Amino acid sequence: MIEEGIVMTMPTQKKSCFKRMSVGVLAALLSVGVAKAYAENKEITGMQSIQFRKVVDLSHIISPTIPLWPNDPPVVFDVVASQEKDGYYLRRFSIGEHSATHMNAPNSFHPNANGIDAYKPESLVRPAVVIDIRAQAHDDADYVIGVQDIEKWEQAHGRIDQGSVVLFYTGWQALWNDPKRFLNEDSKGPHFPGVGAATTKFLLEERQIAGVGIDTHGADPGQDTVYATNSQILAKDGIVLECLTNLDQLPAKGTTLVIGVLRLKEGSGSPVSVMAFTP
């Protein structure tokens, strides 16, 4: 676990100051080109900072046994070089663009829209809030997250800030190692909680959020075949994160996310490394 520190970048000055920052934190930031993005973004004129006490990894480890969306390609690892034969170890891997902890791209739901490679690095650094709906999801696997859940959270924690990513903690992360229970599929399809269409509309229009994330296999409820939440957010080139983990380690507010995507040309999505800098 990476502990307390402050990350600071100074785009309008020649020098950068990094206080108590480990190599791991620097690598996480550079993986999405944050320093370069700030330097090139003419709209940012002051010093940008991330203050944190620890960094939490919100991404699952990728293996051939992870839960997969119905009909998605399997995860495959092939050894192509070994230390005994070649003097070094190397594998190739194959994985679907919407498998493991991943981020969806606009072109996955909208023809001729942007691919995952079009996201600017600075758009992938975002404040985040966490809304805990475990109780509702425990009682109803098909629970549709409503505006009332947002309002209840805001009564306790204040209004959601513009530009935030809203993370929904359903408890589904605990089922990750049991793919059958994680997908919870029957003849009617998957069953897991997700964000309702009206809720997404409210968050986009009334709170002007940057996107959503969730610990299930879909931001939309498992029984939603329209994918209204994905569709609405991606129509605005927003952020949709699915199959997150460790949401129990985050506070309700105050976290900053750094999202590292694979810049797959015209990709419909990408497995991602999501680092959460927590106060």
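The values are calculated or read from the model by the stated rules, or taken from the named source; none is laboratory data. A quick note: this is a predicted structure, and the numbers were derived from the prediction, not measured. Reconstructed Cβ throughout: ideal geometry from the backbone, glycine too, with neighbour counts over all protein chains shown.
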Exercise for the section: Residue by residue through segment 224-244, note down the ones that are in contact with a strand residue (DSSP E or B) (Cβ under 8 Å, 6 or more places away or on another chain), under 26 Å from residue 158 (Cβ atoms) and either surrounded by fewer than 17 Cβ atoms within 10 Å (Cβ to Cβ) or of a type in the set (S, T, N, Q) (or both). Expected result: 229
Practice task
Output yes when any residue across segment 205-218 is free of Cβ contacts under 8 Å to residues at least 12 places away in the same chain and either surrounded by 24 or more Cβ atoms within 10 Å (Cβ to Cβ) or more than 19 Å from residue 57 (Cα to Cα) (or both), and no when none is.
Solution key: yes
Exercise for the section: Report yes if some residue within segment 246-261 is modelled with pLDDT under 95 and under 24 Å from residue 185 (Cβ atoms); otherwise report no. Expected result: no
Practice task
Inspect all residues belonging to segment 192-201 and state whether any of them is modelled with pLDDT of 95 or more, out of contact with any Pro (no Cβ under 9 Å at 6 or more places or on another chain) and within 24 Å of residue 273 (Cβ to Cβ).
Solution key: no
Handout entry: Members of segment 227-274 that are part of a loop (DSSP other than H, G, I, E, B), within 25 Å of residue 135 (Cβ to Cβ) and within 15 Å of the chain's Cα centre (by Cα)
Key = 243, 245, 246, 250
Handout entry: Any chance residue 143 is of a type in the set (Phe, Trp, Tyr), out of contact with any Phe, Trp or Tyr (no Cβ under 8 Å at 6 or more places or on another chain), buried (at least 16 other Cβ atoms within 10 Å of the Cβ) and at negative phi
Key = yes
Practice task
Inspect segment 124-133 for any residue being loosely packed, with under 15 Cβ neighbours inside 10 Å and part of a loop (DSSP other than H, G, I, E, B) and give the result as yes or no.
Solution key: no
Handout entry: Residues satisfying the stated conditions in segment 75-121, i.e. of a type in the set (D, E, K, R) and surrounded by 14 or more Cβ atoms within 10 Å (Cβ to Cβ)
Key = 97, 117
